[in-house]
Number of protein chains: 2
Amino acid sequence: MNKYSIAIHGGAGTIRRETLTPEQEKSYLSALEEALDAGYKILEKNGTALDAVEAAVVSLENCPLFNAGKGSVFTADGKHEMDAAVMDGRHMTAGAVAGVAGVRNPIVLARAVMENSEHVLLSGKGAEEFARTLNLPFESEDYFYNAYRYEQWQQVKGEATTLLDHSEKKFGTVGAVALDQSGNLAAATSTGGMTNKRYGRIGDTPLIGCGTWADNRCAISCTGHGEYFIRAVAAYDIACLMKYKGCTLAEACRIVVQETLKQSGGEGGLVAVDQAGNVVLEFNSEGMYRGSIDAGGKKNVAIYRQ
Amino acid sequence: MNKYSIAIHGGAGTIRRETLTPEQEKSYLSALEEALDAGYKILEKNGTALDAVEAAVVSLENCPLFNAGKGSVFTADGKHEMDAAVMDGRHMTAGAVAGVAGVRNPIVLARAVMENSEHVLLSGKGAEEFARTLNLPFESEDYFYNAYRYEQWQQVKGEATTLLDHSEKKFGTVGAVALDQSGNLAAATSTGGMTNKRYGRIGDTPLIGCGTWADNRCAISCTGHGEYFIRAVAAYDIACLMKYKGCTLAEACRIVVQETLKQSGGEGGLVAVDQAGNVVLEFNSEGMYRGSIDAGGKKNVAIYRQ
């Protein structure tokens, strides 16, 4: 057995075999595999879990298929407001950004907040100003334009409705968790939020303990209907079930996703890894874009419930 | 014994007897008493814990002595950006706002987010736009102007330094927790953040599980160096120590404030109440503006460590 592993997700929700063409299915699986490989390559070379989750999330942010970075959905104002968070289990340090526009890779900015500021969470124009002081890459509106996302927005524009990524319920978020050869864990999550969102809504993604958590016991990245994950403090609840109640990672993930969240109506899922390298991909929705390379080196990518 | 109780805080930090004149001390104590009474009056008349914590926090927000609402500190841009959160333990619903300007009572807006939106956390101009749709009261810059706060800002303006409320370390936040006669709990927290803060920094106050938490087991409102409270998921950690480890409220508060936070360098404190009406006011700083009326009806207001 290796002493390292990685798991990623690209969103959860009403994803059925009949809703994707074989070509679409293939595109998603190959994008997931590419992101997994980007992270795993770092772990193999004795790199850090932090670098691995950042690389995997950057890969997903750069892919137009997922609702994060380049593929972010449109807000009610026709803009793209993105959220991201990263946590380093080794030092229990964290960085996050909420409601940022134009930043090419929000996860890179979240890491910069962790490493180059005295703060954990920066928001809006202020966070963009911070990104500029570090010369992080920005992109024009063209970069974030996507005909499919635009069409999604046109369908609900002017209405009070927000859409959870796709027209059927789908929670677009990307994320990664990893254990490295030094025994350290990390988690990273990034999202473009809800189509047609208004009022500067912030979901669970950039909230430490809700959508993202890492200590050196477990690392968790969530995707789902954010408001439910916030009220459940979903990611940190898993850590508490392990440290205070003695649950295994698998038990803790099952309790939070299949009991706590499901009972409250909170649809979605998460990926998690523990210090032994065990990987858990748990969801209560019909599907979740997901992948992992476990401590045995076995690679798996999937979309539907099997 | 009554079946209801309330506790409030007005910030923690380096507050020593020699730093306050007897007149200042008297002003603080009477403002704390006024806020306590505003909440307790509601509990006595069989009102809800939610109404009680809102009334207590509104009273503290309207008092220029505390760093919240009217008394909020200046940001690096010479503005006032306020954060607030409320959680209703009865339904485990929550509402919060981050980085709002001009809103007279951010805690009232946080409650409106909980009751009148599908979201938990709204931010910046978007949150203000939401407040305007509900005709919530706004105030001009004059209302928030305060010579003392202005002087604090002038001392550090143009520097990269942020100040934790006062020039000596003091964490300006206000908050309240309560148990009502129906056995329901609620928590509310509000702040003007850090003097000279930049980059749209968001602290622990509006983050559910970090600065604010309520279920019907316990309700918690924190004040302190926000970044440490975020990384510790401080408020929800207390709930988890109780539900998963069987700690009493007092034990859980001591562990989080005197061990977890103190060991990481996280200065501050919190007020908490459990479903039996036990009240805990715990802090690891030199002082905390605080007050409570316990289930025996005994009123207490204090500033320094006794």
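The values are calculated or read from the model by the stated rules, or taken from the named source; none is laboratory data. None of the values given here were measured: they were computed from a predicted structure. Positions of Cβ are generated from backbone atoms using ideal geometry, with glycine treated the same way; all protein chains shown enter the neighbour counts. Just the protein is used for accessible areas: all its heavy atoms, side chains included, with ligands, DNA and RNA removed. Shrake-Rupley method; radii C 1.70, N 1.55, O 1.52, S 1.80 Å.
Checking the conditions here, which among A:CYS240, A:CYS210 is open to solvent by less than 10 Å² (accessible area, probe 1.4 Å), modelled with pLDDT of 95 or more and in a helix (DSSP H, G or I)?
Details: A:CYS210 fails: in a helix (DSSP H, G or I).
Within the list A:CYS240, A:CYS210, the selection yields A:CYS240.
Do we find that B:GLU44 is acidic (Asp, Glu), touching a Phe, Trp or Tyr at 6+ places or on another chain (Cβ under 8 Å) and open to solvent by 20 Å² or more (accessible area, probe 1.4 Å) in this structure? Give the derivation first.
Working: acidic (Asp, Glu): yes; touching a Phe, Trp or Tyr at 6+ places or on another chain (Cβ under 8 Å): yes; open to solvent by 20 Å² or more (accessible area, probe 1.4 Å): yes.
For B:GLU44, the condition - acidic (Asp, Glu), touching a Phe, Trp or Tyr at 6+ places or on another chain (Cβ under 8 Å) and open to solvent by 20 Å² or more (accessible area, probe 1.4 Å) - is met.
Search the range A:231-254 for residues that are more than 8 Å from chain B (Cβ to nearest Cβ) and closer than 11 Å to B:ASP237 by Cα and pair each with any residue that is of a type in the set (A, V, I, L, M) and open to solvent by less than 10 Å² (accessible area, probe 1.4 Å) when their beta-carbon atoms are under 9 Å apart and the residues are at least 6 apart or on different chains.
A:ALA239/A:ALA214; A:ALA239/A:ILE220; A:ALA239/A:ALA252; A:ALA239/B:VAL233
Scan (1) in contact with an Asp or Glu (Cβ under 6 Å, 6 or more places away or on another chain); (2) modelled with pLDDT under 95; (3) not acidic (Asp, Glu) for the single condition A:LEU249 breaks and write down its number.
Only one criterion is unmet by A:LEU249, namely (2).
With (1) surrounded by fewer than 24 Cβ atoms within 10 Å (Cβ to Cβ); (2) within 20 Å of B:ARG198 (Cβ to Cβ); (3) modelled with pLDDT under 95 as the list, and B:GLU128 as the residue in question, which single condition is left unmet?
The failed condition is (3).
Just one of (1) open to solvent by less than 10 Å² (accessible area, probe 1.4 Å); (2) of a type in the set (S, T, N, Q); (3) part of a helix (DSSP H, G or I) trips up A:GLN258, so point out which.
(1)
Within the range A:221-229, is there a residue that is within 23 Å of B:ALA234 (Cα to Cα), in contact with a strand residue (DSSP E or B) (Cβ under 6 Å, 6 or more places away or on another chain) and within 12 Å of chain B (Cβ to nearest Cβ)?
Yes; the residues of the range A:221-229 include at least one that is within 23 Å of B:ALA234 (Cα to Cα), in contact with a strand residue (DSSP E or B) (Cβ under 6 Å, 6 or more places away or on another chain) and within 12 Å of chain B (Cβ to nearest Cβ).
Among the listed residues B:ALA272, B:ALA250, which satisfies the condition of being closer than 21 Å to B:ALA186 by Cβ and either open to solvent by less than 10 Å² (accessible area, probe 1.4 Å) or in contact with a His (Cβ under 6 Å, 6 or more places away or on another chain) (or both)? Can you show your working first?
Numbers: B:ALA250 fails: either open to solvent by less than 10 Å² (accessible area, probe 1.4 Å) or in contact with a His (Cβ under 6 Å, 6 or more places away or on another chain) (or both).
Sole residue among the options that is closer than 21 Å to B:ALA186 by Cβ and either open to solvent by less than 10 Å² (accessible area, probe 1.4 Å) or in contact with a His (Cβ under 6 Å, 6 or more places away or on another chain) (or both): B:ALA272.
Would you tally the residues in the range B:188-220 being of a type outside the set (D, E, K, R) and facing chain A (nearest Cβ under 10 Å)? Walk me through how you get there before you give the answer.
Filtering the range B:188-220 down to residues of a type outside the set (D, E, K, R) leaves B:188-196, B:199-200, B:202-203, B:205-214, B:216, B:218-220.
Subset that is facing chain A (nearest Cβ under 10 Å): B:194, B:199-200, B:202-203, B:206-210, B:213.
So the answer is 11.
From B:ARG231, B:ARG217, which residue is touching a helix residue (DSSP H, G or I) at 6+ places or on another chain (Cβ under 9 Å), closer than 30 Å to A:VAL100 by Cβ and open to solvent by 10 Å² or more (accessible area, probe 1.4 Å)? Break it down stepwise before answering.
On the way: B:ARG217 fails: closer than 30 Å to A:VAL100 by Cβ.
When all the criteria are applied, what remains is B:ARG231.
Criterion first (at pLDDT 95 or above, closer than 19 Å to B:GLY266 by Cβ and not hydrophobic (A, V, I, L, M, F, W, C)) does B:GLY172 satisfy it?
Numbers: at pLDDT 95 or above: no; closer than 19 Å to B:GLY266 by Cβ: yes; not hydrophobic (A, V, I, L, M, F, W, C): yes.
The answer is no for B:GLY172.
For the range A:59-100, which residues satisfy the criterion of being touching a residue at least 12 places away in the same chain (Cβ under 8 Å), closer than 26 Å to B:VAL233 by Cβ and surrounded by fewer than 24 Cβ atoms within 10 Å (Cβ to Cβ)?
A:ARG90, A:MET92, A:THR93
State all residues of the range A:101-113 that are touching a residue at least 24 places away in the same chain (Cβ under 8 Å), open to solvent by less than 30 Å² (accessible area, probe 1.4 Å) and either assigned to a helix (DSSP H, G or I) or β-branched (Val, Ile, Thr) (or both); if no residue qualifies, say none.
Initial filter on the range A:101-113 (touching a residue at least 24 places away in the same chain (Cβ under 8 Å)): A:101-112.
Filter again for open to solvent by less than 30 Å² (accessible area, probe 1.4 Å), leaving A:102-103, A:105-107, A:109-110, A:112.
Those that are touching a residue at least 24 places away in the same chain (Cβ under 8 Å), open to solvent by less than 30 Å² (accessible area, probe 1.4 Å) and either assigned to a helix (DSSP H, G or I) or β-branched (Val, Ile, Thr) (or both): A:VAL103, A:PRO106, A:ILE107, A:LEU109, A:ALA110, A:ALA112.
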